[in-house]
Each structure stands twice: as C-alpha cells, then as structure tokens.
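To start, the structure under review is shown below, and the notes come after it.
The values are calculated or read from the model by the stated rules, or taken from the named source; none is laboratory data. Worth saying up front: this structure is predicted, and the values here are computed from it rather than measured. FYI the Cβ positions are ideal-geometry reconstructions off the backbone, even for glycines, and counts take in every protein chain you see.
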Ligand code: ACM
C-alpha cells in the first residue's frame, strides 16, 4: 500500500516536472539515497528531501577536529551554492555534525536526512568526515564547481548507516619514477578522500630517484633526486614539504605510509654514496625503466648505519604507524643476503616505533611480529609463491591486497590505452572491481586481510591528467572493495553508481577513461 502510494506520488511529481517544462540543468529530484561510491552498508530511503538554502547553517557539537570537519564541509559547499553557511556551535541549523557514543566504530557514521535537516552522527571525527563525503555525493554534481550554480541543493530523505569492511584502504603514488609536487600529491589526496580511502602510500625511493631530504645523508636527495625516468630534472621533498603532505593528508583523514624500497630498487642511493656499494664505486644515475639490477651491500656495516639514519629521520617526520621497506624484485641480492638484510632492518623499524610493511617477498624471509605483507601477484601467480604468503598469514602476518592484474592503476585498460604498462595484463574497469578481497588468497584467514591498496607506478605518468585518466574510474572500485560489505558487491549495481560519478569528475576537472563497460550519461 505504502509502496504503491509512493510510486504514484513519484510518477505525479515527475509528470509535474515535465509539464512545468522549466528549462535549464537544475534537477528537482534529489539523487536516490545510496547512489554513491563506495556503497554504504545500509540505506533506508524515505521521507521528504532536505534542501540546503541561503539560511542553512552548519552546527557542530564536538571537539576541535569535528569543528574542522564542519569548516571543510562549508568550504566544499560555499563556492557553488553561493551561500554563507556559517559554522556554529549552538542554535538551530539545517546541517548538524554530532559526535556521540554509538556503534559506529573508528570510521563509521549515520546520516539522517529529512525536511528539517541532515544530521551526521559518528563516534570519531573520521566518521564525520566520511559522512561528509556521503553528503557531498548525494548533492548534485554541480556542487563541485567553483562558481555559483543554480541548485536546488536537495538531499534525498532517509537514513544511511555505514562503516568500512576493512581498516586499511590505500592508494600508492610512485613519486620516484617521476617526481610529483606537493600540490600534485594534495590534488590526488582530495580524490582519494572522496572515496573514503584512508592510507596514502608514497613510494619515496627507487632506482630513478630519491625523493626525501635526509639530513645525515644529504646527497640522497641533492644528487639522487636530481633526475627521473626519461632524464628530466626530478626533485625531492624538503622535510617541511613532506610534513605539509602529512598534514594535508591528515586533514582528509589519510595516514601517510612512506616507503624506502630496499635492498633492491636502490640505484639512486648507490649513485649518491660510493661507500654503499660492495665495490666502493658509485654507479651513474639511472633514467631507464628496467628493474632488479641494484642492491645495497648486505655485508657492509655502513649499509645498516645508512638504513638506521634514514629510518630514524623518516620515522621522526611521520606520525603514522607504518614504515614500508619495499623488498620487491631484489634480483641482484642472493636469497641468503635478502633474509639476512631483512633480519637486520626490521628491528630498526621497530626501534623507531613503527610497524613494518613490505611487498609480499618479505614472506620469503622472516616477517617481524605484526608486520604486514603487500601482495602484488597475479591471479595466476604460482601456487608455491601464494602458499608462502598464505602460510605467513596463518602465522600472523597481516595482508594488504594489491593484485597487479586487478588494481595496479598503471596497467593499460585496453591495447589502445596511450599510457601505462601491460606486463600484468590489460585491466578494464570491471576486472579491477569484480573480485573479493575476502576470498582472493585461498587459505588465508579472513582476519589476516587488513584491506586493499591501489598502486600507481609512474614510469609513463607525468601530469595530473595522466594520474586522473589511469586512476579514474578504477580507483573508486578499489575503494569500494575496501569499504563496502561483501553483500553489496554487484557489478551491475556498481556500474550504475559509478556512471553517476561522471558529472562530478567533469565538475572537478578530472579527465577519466570512458570505459565502454560503464553506462555513462551522455557527455
Ligand atoms: C612491484 O610492483 N614491484 C611491487
């Protein structure tokens, strides 16, 4: 009965809209509650939409951090609405952010929308922030523009109750193969935040460039950071710049996970200090794209002085819990040396108060207590290699899943994709979304899977538009795998929600790949 009446009302409303024939882009129906990415855990539509108007205020009951989330929301909404949207701590307000004890967890929230307002309730400021991203996506895409738009600014009525499936939802940017400025990294952070990603892994060193100033070894950045793939001028972050990235990421509720890749992928360091080489001779800087040719000298004590200094300085700059030590493709290090190196280096990370993350080759050594291994194999990686990772997981090593033929954002979508690589295969949008992190590595305990991460390697990636067109639209799918309950997983439903993001990317000036797999609105 209620449903029939509801449909009749909807038909009547649509008819009135058509008959009224008001020209212009303004939609008088709000987007359906729940048409967002990542899919919320629970959506109960119903009731009257809320309309943001000139007289709307944003009230926040809570700490300084909650207040900053309210200011962030106001900053998002002011340019396109043209409204004042004062942030208040008392009195009536159309939008309310409330910190409250409740079953929300560290990042969950509830959003209640109706005639009188929208209230986002969470136990922690992070939950308020994620709820704000939901509110943002429920508003028309024009809300993303930086000039005043006509509205109306309607939010569908009902309740969204939401919390993440996994605590670790990451994206990696390789700033070594090509250097990216602080502004470029911050632009990417804003895209990650829109999809509730909470870990930013920065690949800070590789054969082609060392990208962070280290006071005790100044030639690492000054010389080792002076070029990049193709021979351009490269660059590095001063400590102040790195702190600024950390600060900006934290303001979007992302934790920075810095990576110093060792013992391979170290040509930039070896070129900067002859003494780090077993033969005492520094190789030239490297601007090509081969892998596996460099190694720190495992037998030299100076290697561990170097690692200690770098990790000490990096840990002091990094408030996050993790320090990624790489460990992939150490093809120029013997297995015995690799194991010996990791046995020496992991305790250094612990000494400076951080938890080790390594690429999954670390499971071939002795992963430290509490370490996480990042799996970057393929669907058809050999059984022995997978068994080694699964065994480590059974013994307590946590897993971050980054299967390269699913979530490497630098893989080409099709043979015709102008950028990217194809060594792991072609990865269309459906392929990147349509797998389950919970069952991907058969035999790994479900509790070992801490989440997912989408790496973007940058051998072929130079500009903001390059980043955007490879990340979007695959990144939102990986974000959804990390956030949404397995029960919501459906390509047919997802592709419709994904298509609805396109006008938002257009409004934000984000170029994206118009995959033929997705029912995009007409451009
Ligand atoms: C990797 O792609 N070498 C981790």
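The table below lists the values:
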quantity	calculated
Single residue of 379, 384 found to be away from the ligand (no atom under 16 Å from the Cβ), within 18 Å of residue 440 (Cβ to Cβ) and either in a loop (DSSP other than H, G, I, E, B) or without any contact (Cβ under 8 Å) to a residue 24 or more places away in the chain (or both)	384
Residue in the stretch 95-104 that is in a helix (DSSP H, G or I) and either within 19 Å of residue 155 (Cβ to Cβ) or modelled with pLDDT of 95 or more (or both) present	no
Some residue of the stretch 119-135 being touching a residue at least 40 places away in the same chain (Cβ under 8 Å) and outside any helix (DSSP H, G or I)	no
Unique residue being within 15 Å of the ligand (Cβ to nearest atom) and within 24 Å of the chain's Cα centre (by Cα) when the list is 323, 362, 419	362
Flag for residue 136 being over 16 Å from the mean Cα position of the chain (by Cα) and crowded, with 21+ Cβ neighbours inside 10 Å	no
Qualifying residue in the stretch 295-307 (condition: touching a residue at least 60 places away in the same chain (Cβ under 8 Å), surrounded by 18 or more Cβ atoms within 10 Å (Cβ to Cβ) and within 16 Å of the ligand (Cβ to nearest atom))	no
Enumeration of residues in the stretch 79-118 that are free of Cβ contacts under 8 Å to residues at least 24 places away in the same chain and surrounded by 14 or more Cβ atoms within 10 Å (Cβ to Cβ)	102
Among (1) within 16 Å of the ligand (Cβ to nearest atom); (2) without any contact (Cβ under 8 Å) to a residue 60 or more places away in the chain; (3) within 19 Å of residue 171 (Cβ to Cβ) - the single one residue 431 does not satisfy	(1)
Per-region count, the stretch 387-433, residues part of a loop (DSSP other than H, G, I, E, B) and under 30 Å from residue 520 (Cα atoms)	21
Output for the stretch 46-72, where each listed residue is touching a residue at least 60 places away in the same chain (Cβ under 8 Å), part of a helix (DSSP H, G or I) and more than 20 Å from residue 148 (Cβ to Cβ)	65, 66, 68, 69
Close pairs (8 angstrom Cβ cut-off, 6 or more residues apart or separate chains): at positive phi and within 14 Å of the ligand (Cβ to nearest atom) in the stretch 454-476, part of a helix (DSSP H, G or I) and modelled with pLDDT of 95 or more anywhere	none
Residue in the stretch 435-453 that is within 13 Å of the ligand (Cβ to nearest atom) and in contact with a strand residue (DSSP E or B) (Cβ under 6 Å, 6 or more places away or on another chain) present	yes
Breaking point among (1) touching a residue at least 24 places away in the same chain (Cβ under 8 Å); (2) over 26 Å from residue 232 (Cα atoms); (3) surrounded by 18 or more Cβ atoms within 10 Å (Cβ to Cβ), for residue 314	(2)
Qualifying residue in the stretch 413-422 (condition: closer than 15 Å to residue 174 by Cβ and either touching a strand residue (DSSP E or B) at 6+ places or on another chain (Cβ under 6 Å) or in contact (Cβ under 8 Å) with a residue 40 or more places away in the chain (or both))	yes
Sole residue being surrounded by fewer than 21 Cβ atoms within 10 Å (Cβ to Cβ) and either away from the ligand (no atom under 16 Å from the Cβ) or at pLDDT 95 or above (or both), chosen from 333, 287	287
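Rundown of residues vs (1) out of contact with any helix residue (DSSP H, G or I) (no Cβ under 7 Å at 6 or more places or on another chain); (2) more than 30 Å from residue 32 (Cα to Cα), yes/no style:
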residue	(1), (2)
172	yes, yes
178	no, yes
185	no, yes
188	no, no
194	no, no
198	yes, no
202	yes, yes
210	no, yes
213	no, yes
